[in-house]
Amino acid sequence: MNKISRLAGRWLARFLEQPSRSYRPFAITDTETLRRCMQPGDVLLVEGNLRISGAIKYLTQSTWSHAAMYVGDILDKKDQNGEALDLIEADLSKGVIGLPLSSYAEFNTRICRPVHLTSGDRENVIQFMVDSLGNEYDLKNVIDLMRYLFPTPPVPVSWRRRMLAFGSGDPTRAICSTLIAKAFQGIRYPILPHIEHEQVETLRGCEYTEKEILHIRHHSLFTPRDFDLSPYFEVVKPTLETGFDYKKLTWASQEQV
């Protein structure tokens, strides 16, 4: 049964990783500009064009369906085209892999940056990703893949996030944000924690102040969108970082339009 399940899982993975014809990028940033603006530990969100991307975007109510971490030159490896492998991501069929930033040259992307990381914590986050290289998605858990067969699965809104974590004990390797969330939770860096408000007595003993207590969410419940929404990650826009000046733009004349 395991062999049959694995074969079915491989077939499903290949099907879900086929490109969708309806994808249209709007604001592409060229690879070199993107690289100049990125720092190791940054999370790159991608608006994917695969069949699985449509289901993830629907379930998360977001434009982002994929996430990878920028690790710089720490891998010291190149692909067959001689490009440096400066991203690490969890791929549905290949597992956790390194790949060049240019892999997403034709996609809408967003950079999300953890703020004020210490150098030691940054190294720990990146090392976690490096140590995860080679881990594979368990393709015998076919039920984990079947949920992505429909671009708009008929699931109530309140169940959608839970649906992403449904299945095996090692659930959402297909949702690459799981691996990245686990890396940041390892250094106790917040993404979107549950926040509990508690009244605390002041030193004078007659006044109270409100204290926020953060509770960690399970890493399997995180999606690419959460890094965009997180108040603890800065959104970096390369166009603005490289000296945008609207006065220098060349507009088409009204007649041309």
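Pairs linking a residue in the stretch 106-123 that is of a type in the set (A, V, I, L, M, F, W, C) to a residue that is surrounded by fewer than 16 Cβ atoms within 10 Å (Cβ to Cβ) and in a strand (DSSP E or B), with Cβ atoms under 9 Å and 6 or more positions apart or on different chains, are 111/234; 111/235; 112/234; 112/235; 115/234.
Within the stretch 167-194, restricting attention to residues that are touching a Phe, Trp or Tyr at 6+ places or on another chain (Cβ under 9 Å), of a type in the set (A, V, I, L, M, F, W, C) and in a loop (DSSP other than H, G, I, E, B), the residue that is modelled with the highest pLDDT is 187. Look at the stretch 94-114 and say how many of its residues are out of contact with any Leu (no Cβ under 8 Å at 6 or more places or on another chain) and at pLDDT 95 or above. Of the residues in that region, 2 qualify. Counting only helices (runs of 4 or more DSSP H) wholly contained in the stretch 29-138, the ones carrying 3 or more residues that are buried (at least 21 other Cβ atoms within 10 Å of the Cβ) occupy 51-60.
Here the stretch 231-246 is the region considered, the condition is being among the hydrophobic types (A, V, I, L, M, F, W, C) and at pLDDT 90 or above, and the residue that is surrounded by the fewest Cβ atoms within 10 Å (Cβ to Cβ) is 235. Scanning the stretch 77-93 for residues that are in contact (Cβ under 8 Å) with a residue 40 or more places away in the chain and of a type outside the set (S, T, N, Q) yields 86, 87, 88, 89, 90, 91, 92. Pairs are defined by a Cβ separation below 8 Å, a sequence spacing of at least 6 or placement on different chains, a first member in the stretch 228-239 that is within 11 Å of residue 115 (Cα to Cα), and a second member that is aromatic (Phe, Trp, Tyr) and modelled with pLDDT of 90 or more; the pairs so defined are 232/189; 233/227. When you scan the stretch 31-54, do you find a residue that is among the small types (Gly, Ala, Ser) and in contact with a Gly (Cβ under 7 Å, 6 or more places away or on another chain), even just one? Looking through the stretch 31-54, none of the residues is among the small types (Gly, Ala, Ser) and in contact with a Gly (Cβ under 7 Å, 6 or more places away or on another chain). Among residues of the stretch 1-28 being charged (D, E, K, R) and in a helix (DSSP H, G or I), the one that is modelled with the lowest pLDDT is 6.
The values are calculated or read from the model by the stated rules, or taken from the named source; none is laboratory data. Note that the structure is a prediction, hence the values are computed from the model and not measured. Every residue, glycine as well, gets a Cβ built from its backbone with ideal geometry; the counts of neighbours run over all protein chains shown.
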